[in-house]
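Each reported figure results from applying straightforward, stated rules to the coordinates on display, with no laboratory input. Everything quoted here is computed from the prediction, not taken from an experiment. Cβ: placed from backbone, ideal geometry, glycine included. Neighbour counts: every protein chain shown.
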Amino acid sequence: MKKLIFTSAILFFTIFFCACPLKVTVNCDKNDKLSVNFSSQLGEAFVENLTQIQQISAENSENSPSLDDISNKIQSELEAEFFQNASVKIDQKSLSASAQVSNIKKFPKEFISLQKKSGGKKAFVLVLSPQTLAASILQEDSAAKTLADILMAPLISGEEMSLEDYKILLNEIYGERLSSELLSGDLTVEFVANGKKQSQKIPVADLLLCSAGKEFKFEF
């Protein structure tokens, strides 16, 4: 259980809360095959908390998980159902990850989809909401689910909360310095198809507070 919680912290913190730039790039080839690349720069407060968690884990276990162990765990989870050829690398300063979507039909269509439009046009749609996250990334048996339940972000719980109330919640759990860092960045979703690049950006704080969810849609 300690290893599971530790892995959850790395995965969930980095993907949803890390100070930015946080960027997700989706590439669509001529056969509509999708690949996903993720990158982010870890902040000082995150690294300090990561070190503290490692120390606590080491005190309570003979085999404290290394960063390589955590990377391998996340990589295995990515490849368990939705992705293939996943690569995850974590060090004390950065995290990078990439993976190919193994079969878009496996995803709940409410979460990620390729839609056919009139005139031969298509649209790639990604929806982040409590329902889509629960049905895809944050399933009951996934490592990320453990910490997601603890963090109680409106995007995850569906319950409305003001920014000030959410800051207070994070302050109580992780401290003011880390909560400030976690909520300070932007999420950029970039979509590349037919040699053309499109992007949308949203502050991480706005995304987390969006209890109704957020849709990213790109027509090509």
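Laid out as a table, the results:
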item	result
Summed residue charge, Cβ within 13 Å of residue 83's Cβ, Lys/Arg positive, Asp/Glu negative	-1
Residue 187 long-range amide H proximity, modeled H, under 5 Å	202, 204
Added length on full extension, which subtracts the Cα-Cα distance from 0.36 nm per residue, residue 104 to residue 66	10.5 nm
Estimated inter-spin distance, residue 89 and residue 194, nm [label 7 Å along Cα→Cβ]	3.4 nm
Label-to-label distance, nm, for residues given as residue 173 and residue 211 (7 Å Cα→Cβ offset)	1.6 nm
FRET efficiency, residue 184 to residue 115 (Cβ-Cβ, R0 45 Å, nearest 0.05)	0.85
